Every structure is written in structure tokens, then in C-alpha cells.
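Enquirer: To start, I am sharing the structure in question, which I have written as C-alpha cells.
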Amino acid sequence: MIEADRRTVIGGAALGMMAIPTVAGLASWRWKHGDGRVLLHDDTLSAGRRFAAAGQGYGHTAIKLEGDRVRLARDVLDRRPAMIAGVTRHADQLLIEDVAREAGYRRVALLQGRERTCMAQDCRSGWQALGRMVRSAGYDWVEALAAFTAAQADNIGPLLPQSAHAAPDIGLVLGWVLAPKG
């Protein structure tokens, strides 16, 4: 039998009260920001190509990073998507995030992949489900990110088995998600 004192009960109630706005806010988030999603990828990375292929499997064409990154980021941000996700090297992630910040976006998730696994994640409050999904996917973390970003909520089925024969990238590969503030 679980024993509960007044402090535990009040603490649990307070935690439950904090969760209500998060759950209730999902519908208003979609109403306010829409359902537009943009996928960006570095085609020189195996992980980037896997991300693009997985996004394509959910009906979204990932935009290849080429040319002027600042101009590309501004063109994407002019569409005011509800979510922008990418798989890139660190320098591109920093540059795109900086341009997005000026446009009223913030990073809500940063995923660090090395070799055959997602090593770490940094997800803002309300985005931890993405972190858990990606961590549990192991080497398929890129496909999990694409599924989370590109699939409709009721269509996140089995991950595409792209990674089975793909060679790992050398060095750090970042997966990231940007969303409008507020």
C-alpha cells in the first residue's frame, strides 16, 4: 500500500495542474501556428540523405542545403512554418538557428548523433517526447526525427529501415527542430 501525506498529495495536485495547460495548449498551438512543416538536410551527410528519404516516405520533400544558407533560411522562414527540422553539421545549425531567432523562432530540440547512435538530446519543455522517441530509436534516430516532424500525428507508423546498410558519418551530426515562439 502506498502511504501519502498532505505534502505529497498537494505536490501531486500541483504537478497535475501544471500539466493541464501543456495538454490543452496542443490544440491552440496547432490553431495558432498551423501545420506547415519544413525539412532541411545536408546532402553530404549519410544521415542527411536518410532524413530526406524518411521525410519523402511521409510525403514531405526535404530541402537540400546548398548555396547561401542565410538566404535559404530567410526564404523558408517567409512561409512561417509551424516547425522546421533539419539534419546538418554544427555550423549550418548555428547559422540557421540565428536567422530563425531574428524571425521569432526558437530551438525546441537539439539532437547529437555520432556514429551509430543519438548520443544526447536537449529538448525544451513540451518537446521531451521527441527526445524519448529519438533516443529509443538508436541508430534510426534520423528516421525517428523525420517521422516526428513529417508524419501526421496519427500516422507515425514503423520507422523506415533506411539505416540498415548506411555507413555512419564521421564526426558530429546534429538533428534539430525550430518552432515559433509563443
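The values are calculated or read from the model by the stated rules, or taken from the named source; none is laboratory data. The structure presented is a predicted model; accordingly, all values stated were derived computationally and were not measured. Cβ placement follows ideal geometry from the backbone for every residue including glycine, while neighbour counts extend to all protein chains displayed.
Enquirer: Which residues, taken from the stretch 73-93, are within 25 Å of residue 172 (Cβ to Cβ) and without any contact (Cβ under 8 Å) to a residue 24 or more places away in the chain?
Expert: Listed by number, the list holds a single entry, 91.
Enquirer: Kindly indicate whether any position in the stretch 95-116 is touching a Pro at 6+ places or on another chain (Cβ under 7 Å) and at pLDDT 85 or above.
Expert: Yes, the stretch 95-116 has at least one match.
Enquirer: Moving on. Out of the residues in the stretch 122-160 that are of a type in the set (D, E, K, R) and touching a helix residue (DSSP H, G or I) at 6+ places or on another chain (Cβ under 6 Å), state the one that is modelled with the highest pLDDT. Give the steps one after another, and end with the answer.
Expert: The initial filter retains those residues of the stretch 122-160 that are of a type in the set (D, E, K, R), namely 122, 124, 132, 135, 140, 143, 154.
Cutting the leftovers down to touching a helix residue (DSSP H, G or I) at 6+ places or on another chain (Cβ under 6 Å) gives us 140, 143.
Numbers: 140: 86, 143: 90.
Here the answer is 143.
Enquirer: Follow-up question, since we're still on this one. Provide a single number: the residues in the stretch 46-70 that are under 19 Å from residue 97 (Cα atoms) and either surrounded by fewer than 21 Cβ atoms within 10 Å (Cβ to Cβ) or of a type in the set (Asp, Glu) (or both).
Expert: Residues in the stretch 46-70 being under 19 Å from residue 97 (Cα atoms) and either surrounded by fewer than 21 Cβ atoms within 10 Å (Cβ to Cβ) or of a type in the set (Asp, Glu) (or both): 7 in total.
Enquirer: How many residues are over 21 Å from residue 34 (Cβ atoms) and outside any loop (DSSP other than H, G, I, E, B) when one looks only at the stretch 73-96?
Expert: 8
Enquirer: For residues in the stretch 71-95 being touching a Phe, Trp or Tyr at 6+ places or on another chain (Cβ under 8 Å) and within 13 Å of residue 176 (Cβ to Cβ), which is surrounded by the fewest Cβ atoms within 10 Å (Cβ to Cβ)?
Expert: In this case the residue turns out to be 93.
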